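Asker: For reference, the structure I am asking about is given below.
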Amino acid sequence: MGEEPNQELRDRLGRLAQEGGLVGFGVCSVEPFGEVREEMERRVDDGTSGRERFTYTDPEIATDLGRSFPWARSLIVGSVTYLPAGGDPGRSQPNTGRIARFATHDHYQPLRSALAAVANQLREVGHQAEVLADDNRLVDRAAAVRSGVAWWGKSTMALAPRYGPWLLLGSVVTDAMLPVSEPMARGCGSCTACIPACPTGALDNEGVLDATRCISYWAQTPGMIPLDIRESWGDRFYGCDDCLEACPPGQRWAERADAEGGRVDLLEVLARSDQELMTEYEHFYVPRRDARFLRRNALVALGHGGNSEAVPVVAGYLGSSLGVLRAHAAWALGRLGGEKAASALAGAVEAEDDNDVRAEIDRALARIHSGA
Ligand code: B12
Ligand code: SF4
Ligand code: SF4
């Protein structure tokens, strides 16, 4: 006969999780997530996962815990809500940018410490246990859905009653046999609010996200941001919350967010050194820890929400040694418009030897001259 699942241990772990601040707690089997793997491979094949690494580095590893943890027998899943502490960016003000609420602070820290307490308890009673949160070896949302911690929303977010999508997810994989939870008996029903709320049309009706159209993806992906995505960027500095803000199950909870936080002075961002930026935003995922990508994001946001004060600062980036910054500065000046922007662009075009950047400058000048 197989080993009986240990209900007493599960109850003890559940109490610890609650004391540690987890708002969701569930247990599921460690069977491979076969459908999720197929779905990831489909997205890699049709290009909708973009240049995403993380779990997409090896979908088989990400969907089969047995590959990384041959001793695994149960998966404990927990969630924290980062609101109200996530802040409220409030209404747009000139020369400022928005940080998505999940990134206003290191909101993963309370999640990891609550899960570490659960893992320590398991180790104390002789079990193996490892914490996984935002790890390449597990698709967190698939685990949350299987363990009854959340349902899978059409925005692709994992949602729970009361908190809606405002959750971060993590797990503890263990060799303890624990009783599993029932899946959550809720879903989106006929709601489709997130789909038209997405400014770039990245969501389809089947709960699939085209990462190459998602602003959150581009805010953390190196290189040139495609022109049509830049046009829809708004005043974002990092992340995007539009499909979360539109989600009815989380709206009352979002109203409880602090008034402070979530908005940064973009001129100040552009004035700082690389080292200062990477220290301040240490908890962001920034490609290669290279501050140029935060500057690039700030330039695009200034193209949307900057005023005349922003023009000389943005124009200064036409002299950057980095093509990606010269190109995005030119684009932003094209949107900011005015004589000073036009003369900075006209001055830069002569000296520009990168054809792509030159094309950006030409486009920006044409935009200003057309008065668009
Ligand atoms: C890659 C990634 C991204 C990418 C791509 C996201 C995507 N939707 O595919 C980008 C950069 C765009 C991104 C953005 C964001 N992300 Co992200 N991201 C991840 C990461 C690292 C991997 C996700 C992954 O592998 N997905 C693979 C796809 C296939 O699965 P999934 O959508 O995650 O899960 C669902 C499917 O598997 C589905 N499913 C199951 N069976 C089947 C079968 C079929 C046929 C289909 C179609 C689907 C399906 O059910 C699952 C549950 O919803 C995870 C961390 C992790 N290790 O899991 C965080 C994670 C998903 N991100 C998170 C967050 C907070 C965000 C943002 C809100 C940040 C922001 N404000 O900017 C946005 C939200 C954008 C959105 N609408 O999804 C949280 C989500 C928490 C939650 N409540 O859902 C996670 C879980 C991190 C964490 N540990 O909390 N992210
Ligand atoms: S995060 Fe923003 S861009 Fe990405 S799917 Fe949601 S609303 Fe669209
Ligand atoms: S907005 Fe509606 S459809 Fe989209 S995830 Fe939320 S409840 Fe589901």
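Asker: So which residues in the range 224-249 are assigned to a helix (DSSP H, G or I) and either within 13 Å of ligand 1 (Cβ to nearest atom) or open to solvent by less than 30 Å² (accessible area, probe 1.4 Å) (or both)?
Answerer: Across the range 224-249, the qualifying residues are I229, R230, D242, C243, L244, E245, P249.
Listed here are the residues, each with its yes/no results for (1) closer than 24 Å to R263 by Cα; (2) outside any helix (DSSP H, G or I); (3) touching a residue at least 60 places away in the same chain (Cβ under 8 Å).
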{"position": "A298", "(1), (2), (3)": "yes, no, yes"}
{"position": "A301", "(1), (2), (3)": "yes, no, yes"}
{"position": "L318", "(1), (2), (3)": "no, no, no"}
{"position": "A327", "(1), (2), (3)": "no, no, yes"}
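Asker: Exactly one condition in (1) open to solvent by 10 Å² or more (accessible area, probe 1.4 Å); (2) in contact (Cβ under 8 Å) with a residue 24 or more places away in the chain; (3) of a type in the set (S, T, Y) is not met by S74; state its number.
Answerer: That leaves (1) as the condition not met.
Asker: For the range 251-296, what are the residues that are within 23 Å of R112 (Cα to Cα), outside any loop (DSSP other than H, G, I, E, B) and touching a residue at least 60 places away in the same chain (Cβ under 8 Å)?
Answerer: Applying the first criterion (within 23 Å of R112 (Cα to Cα)) to the range 251-296 yields 253-254, 257-258, 261-262, 278-287, 289.
Then keep just the ones that are outside any loop (DSSP other than H, G, I, E, B); that gives 253-254, 278-280, 287, 289.
Those that are within 23 Å of R112 (Cα to Cα), outside any loop (DSSP other than H, G, I, E, B) and touching a residue at least 60 places away in the same chain (Cβ under 8 Å): W253, A254, P287.
Yes or no, residue by residue, for (1) within 16 Å of ligand 2 (Cβ to nearest atom); (2) in a loop (DSSP other than H, G, I, E, B); (3) open to solvent by 50 Å² or more (accessible area, probe 1.4 Å); (4) in the same structural domain as V80 (by TED's automatic domain parsing):
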position	(1), (2), (3), (4)
R137	no, yes, yes, yes
G148	no, yes, no, yes
L168	yes, no, no, yes
P179	no, yes, no, no
P183	no, yes, yes, no
R186	no, yes, yes, no
S190	no, yes, yes, no
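Asker: Right, next: Across the range 329-372, what is the total count of residues that are in a helix (DSSP H, G or I), acidic (D, E) and buried (at least 17 other Cβ atoms within 10 Å of the Cβ)?
Answerer: Here is the first cut: in the range 329-372, the ones in a helix (DSSP H, G or I) are 329-336, 339-351, 355-370.
Now drop any that are not acidic (D, E), which leaves 339, 350, 356, 360, 362.
With buried (at least 17 other Cβ atoms within 10 Å of the Cβ) added as a condition, the list becomes 360.
Number satisfying all stated conditions: 1.
Asker: Something else now. For residues that are among the β-branched types (V, I, T) and open to solvent by less than 50 Å² (accessible area, probe 1.4 Å), scanning just the range 250-280, find the one that is nearest to R162 (Cα to Cα).
Answerer: Initially, the range 250-280 is screened for residues among the β-branched types (V, I, T), giving 264, 269, 279.
After this cut, where a residue has to be open to solvent by less than 50 Å² (accessible area, probe 1.4 Å) as well, the list is 264, 269.
Working: V264: 29, V269: 35 Å.
Ranking the candidates gives V264 first.
Asker: Can you find even one residue in the range 206-223 that is open to solvent by 50 Å² or more (accessible area, probe 1.4 Å), assigned to a loop (DSSP other than H, G, I, E, B) and either more than 26 Å from N307 (Cβ to Cβ) or within 16 Å of ligand 3 (Cβ to nearest atom) (or both)?
Answerer: yes
Asker: Quick check on my filter: what residues within the range 142-199 are among the polar types (S, T, N, Q) and free of Cβ contacts under 8 Å to residues at least 12 places away in the same chain? Working first, answer last.
Answerer: Restricting attention to the range 142-199, the residues satisfying the condition of being among the polar types (S, T, N, Q) are 147, 155-156, 171, 174, 181, 190, 192.
Answer for the range 142-199, where residues must be among the polar types (S, T, N, Q) and free of Cβ contacts under 8 Å to residues at least 12 places away in the same chain: just S190.
The values are calculated or read from the model by the stated rules, or taken from the named source; none is laboratory data. Predicted, not measured: the structure shown is a model, and the values here were computed from it. Heads up, the Cβs are rebuilt from the backbone with ideal geometry, glycines too, and the neighbour counts pull from every protein chain shown. Surface areas here come from the heavy atoms of the whole protein model, side chains and all, with no ligands, DNA or RNA. Shrake-Rupley method; radii C 1.70, N 1.55, O 1.52, S 1.80 Å.
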